[in-house]
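Enquirer: Mind looking over this structure? Questions follow.
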Amino acid sequence: MRLRPYLRALQVQTQVTLRYRGNVFAFLSYVLIPPLAVFFLWRAVLGGERALGGYDLSTMVTYYIVTQYFVANTAFSAWTDIGEEIRDGRLTLWLLRPASHYGLYFARNIGGWIPYWIAGLLGAAAVAGILHRYFLLPQEPWRIPMAVGFWLLGVVLAFTWGYILNLLSFWTERSTGIVLMADAAAVFLAGGFVPLDILPLKEIWLLLPFRFAGWFPTQIYLGRVGFAELPRELGLLLGWLLTFLVLQKLIWRLGLRRYQGAGG
Amino acid sequence: MALRAVLRLISLRVKWELFFRLDALFGFVGGLVQVMAGVLLFEAIYGRTQAIAGWTRGEALALVGTLSILLELERALLRGLQRLPELVEEGLLEHFLTRPVPTPLLLAFHRVNLRALWRLPLGIGVLAYALSLLPGIPGWRFVPFTLSLVLSLAVYGLMVFCLVCLSFWLIRMQNFFWLVYDLAEFARYPAGVYRGAIRFLLTTVLPLVLLANFPVLLLTGRGGASLLLHQALVLAGFATLGMLLWRRGLRRYQGAGG
């Protein structure tokens, strides 16, 4: 497979995003504000050395800062243009190109997100600075790259999931509602609202793959997952990813058989 | 005249939305997930504690329901405001300026979203459940509650309006209006968790705490008419600021786009 068109798509999309740098920095609010707001709630609940589900105030504050960075920078809905292009017939232009549609959109997606990832680090650092009394660094340095590695695989998984949902536009009039519904569900299931292991019915939430895009990498960061557990979790993550990729290929082929390119 | 135009816009939008029923259904489920996330957060906490900063489980759930109602009303009625940056950037604001209706009103109501109204019962359901945990609330308290909710909606709408007016000075600001929605995070939690200067800030300059907390405080009998007066004063402040920004912005607008 020639990588050049994909790398070029990635590069171009990064440049497009960087044209509006103010817009990128405005996105910082998504990384910065929710952990700050939720801090006041947890200070009221966990102040005075109390703990909930093994989380004391410092662990909880760190959880929200790290998870919010991961979840806010993951495209659970892939790219809503995919569904809209199927609906109005613009997909035809993509079919003429000698490259994979999934691959091109994945490259564009990553390219578009890279500036946000970098800016998001500044936001996370700022909120960690503001709440420095409570923010924890991992005791073992390897936990940071390991958490990021798992999260990046989680990003691929989340993109593939969102891509599959967009492909449902081959069968429905409009898939925006489906994609946005799945987006809200995925943010919740990734642990973006509440740590999954303190929720009622946690066994269900922890069975699903979305935890790899937020909750699980943060557990690695916090030292709540041992090194010995990582190979098994990596196997599970890759298993889910493979399943999604096969499903994506299948739906794409079935959808193309139905596609007429007339739009409307 | 202006009211008739607004009602016509709403009716056209309703017809358009009904064309995509399946999509609306999924939008409803998306709203359900968001409301459930708020409920589950408090359920996880109240499973292990009796009160958060003096707020009981019922009061906290009433907060979740009230905020959901407020946000869905805003999403349903006022999301058209989000288009202002795009119209300024593309130089298309004349389409609105040339019509015989106050432009901010037309902007606010030209994209009424039926799907969000479908999600309104979610918040109402959570509020009803919360009230079942809070016995002895007299019916007349729903009058100040509703009045406070309407004031909150107007304050929130004006906050969004003030923010999108900045598009007259900034080239592209699609992500900027998310700022106000992100700030709404502060409205999700009981007022008691904020103290000192932060509490003052969140009830005056960035009046996010009054949005859902004040209606719930009035409903549960923990606040009086002074809360309504406070909301009215904040509303007047934001209305003045919004008018100022709009007028200054229009003077700057060239209609060239780009």
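The values are calculated or read from the model by the stated rules, or taken from the named source; none is laboratory data. Just so you know, these numbers come straight off a predicted model, no measurement behind them. Cβ coordinates were reconstructed from backbone atoms using ideal geometry, including for glycine residues, and neighbour counts include every protein chain displayed.
Enquirer: Given the criteria out of contact with any Lys or Arg (no Cβ under 9 Å at 6 or more places or on another chain) and among the aliphatic types (A, V, I, L, M), does A:Leu41 qualify?
Expert: In short, no.
Enquirer: Can you tell me which of (1) of a type in the set (S, T, N, Q); (2) farther than 19 Å from A:Thr74 by Cα; (3) within 23 Å of the chain's Cα centre (by Cα) is the one A:Asn23 doesn't meet?
Expert: Failing condition for A:Asn23: (2).
Enquirer: Every residue in segment B:119-141 that is touching a residue at least 60 places away in the same chain (Cβ under 8 Å) and over 16 Å from B:Val39 (Cβ atoms), please.
Expert: B:Ile137, B:Arg141
Enquirer: Filter segment B:35-54 down to the residues that are facing chain A (nearest Cβ under 7 Å) and outside any loop (DSSP other than H, G, I, E, B) and list them by number.
Expert: Result: B:Ala37, B:Leu40, B:Leu41, B:Glu43, B:Ala44, B:Ile45, B:Ile52.
Enquirer: Let me ask something additional. In segment A:179-206, how many residues are over 17 Å from the mean Cα position of the chain (by Cα) and without any contact (Cβ under 8 Å) to a residue 24 or more places away in the chain?
Expert: Residues in segment A:179-206 being over 17 Å from the mean Cα position of the chain (by Cα) and without any contact (Cβ under 8 Å) to a residue 24 or more places away in the chain: 6 in total.
Enquirer: One residue is enough: does segment B:202-210 have a residue meeting the conditions away from every other protein chain (no Cβ under 14 Å), at pLDDT 95 or above and closer than 21 Å to B:Arg141 by Cβ?
Expert: Within segment B:202-210, not a single residue is away from every other protein chain (no Cβ under 14 Å), at pLDDT 95 or above and closer than 21 Å to B:Arg141 by Cβ.
Enquirer: Here's a follow-up. Return yes or no: is A:Thr176 in contact (Cβ under 8 Å) with a residue 24 or more places away in the chain, more than 18 Å from A:Ile220 (Cα to Cα) and at the interface with another protein chain (Cβ under 9 Å from one of its Cβ atoms)?
Expert: So A:Thr176 fits the description; yes.
Enquirer: Restricting to segment A:9-38, name every residue that is modelled with pLDDT under 85, hydroxyl-bearing (Ser, Thr, Tyr) and out of contact with any Lys or Arg (no Cβ under 6 Å at 6 or more places or on another chain).
Expert: Within segment A:9-38, A:Ser29, A:Tyr30 qualify.
Enquirer: Tally the residues that are of a type in the set (D, E, K, R) and on the phi > 0 side of the Ramachandran plot, restricting the search to segment A:1-59.
Expert: Counting residues in segment A:1-59 that are of a type in the set (D, E, K, R) and on the phi > 0 side of the Ramachandran plot gives 1.
Enquirer: On to the next question. So, in segment B:185-201, of the ones that are within 11 Å of chain A (Cβ to nearest Cβ) and aromatic (Phe, Trp, Tyr), which residue ends up surrounded by the most Cβ atoms within 10 Å (Cβ to Cβ)?
Expert: B:Tyr189
Enquirer: Here's another thing I want to ask about it. Which of the residues that make up segment A:173-223 are among the aliphatic types (A, V, I, L, M) and under 21 Å from A:Leu57 (Cα atoms)?
Expert: Listed by number, the residues that qualify are A:Ala190, A:Val194, A:Leu196, A:Ile198, A:Leu199, A:Ile220, A:Leu222.
Enquirer: Which members of segment B:31-52 meet the condition of being over 18 Å from the mean Cα position of the chain (by Cα) and either within 23 Å of B:Tyr156 (Cβ to Cβ) or crowded, with 23+ Cβ neighbours inside 10 Å (or both)?
Expert: If the condition is that a residue be over 18 Å from the mean Cα position of the chain (by Cα) and either within 23 Å of B:Tyr156 (Cβ to Cβ) or crowded, with 23+ Cβ neighbours inside 10 Å (or both), then B:Val33, B:Met36, B:Ala37, B:Val39, B:Leu41, B:Phe42 are the ones that fit.
Enquirer: Any residue in segment A:95-110 that is under 30 Å from B:Leu166 (Cα atoms), under 18 Å from the mean Cα position of the chain (by Cα), crowded, with 19+ Cβ neighbours inside 10 Å and within 14 Å of chain B (Cβ to nearest Cβ)?
Expert: Taking every residue of segment A:95-110 in turn, none turns out to be under 30 Å from B:Leu166 (Cα atoms), under 18 Å from the mean Cα position of the chain (by Cα), crowded, with 19+ Cβ neighbours inside 10 Å and within 14 Å of chain B (Cβ to nearest Cβ).
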